[in-house]
């Protein structure tokens, strides 16, 4: 799938990568636990934002495309994929 916001998402992921490397340095340098935990929370929030954008894209394009196509099998497949994703995230 071609995504219009692909560069934006890749940029966010590259920043996340840098944040994680920074956290590793903080641990190597024996930085204060609360400072490390604060950075870990920031990374988790950033990952959640990327996940939300990907989910929005899936709903707006993949699932909507299956609905508009009228293909009942494609609709069931997309719905089942989404259900499985949500089940995994609730574990």
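Numerical summary
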read-out: Selection from the range 1-19 of residues that are over 30 Å from residue 63 (Cα atoms) and surrounded by 11 or more Cβ atoms within 10 Å (Cβ to Cβ); value: 19
read-out: Residue identified as within 27 Å of residue 8 (Cα to Cα) and in a helix (DSSP H, G or I) among 80, 39; value: 39
read-out: Odd one out for residue 48, checked against (1) loosely packed, with under 13 Cβ neighbours inside 10 Å; (2) in a helix (DSSP H, G or I); (3) more than 19 Å from the chain's Cα centre (by Cα); value: (3)
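Here is a yes/no grid of residues against (1) within 24 Å of residue 89 (Cβ to Cβ); (2) touching a helix residue (DSSP H, G or I) at 6+ places or on another chain (Cβ under 9 Å); (3) exposed (fewer than 12 other Cβ atoms within 10 Å of the Cβ):
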| site | (1), (2), (3) |
| --- | --- |
| 21 | no, no, yes |
| 24 | no, no, yes |
| 28 | no, no, yes |
| 33 | no, no, yes |
| 42 | yes, yes, no |
| 56 | yes, no, yes |
| 62 | yes, yes, no |
| 65 | yes, yes, no |
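Values in this text are rule-based calculations from the coordinates and carry no lab data. None of the values given here were measured: they were computed from a predicted structure. Cβ: placed from backbone, ideal geometry, glycine included. Neighbour counts: every protein chain shown.
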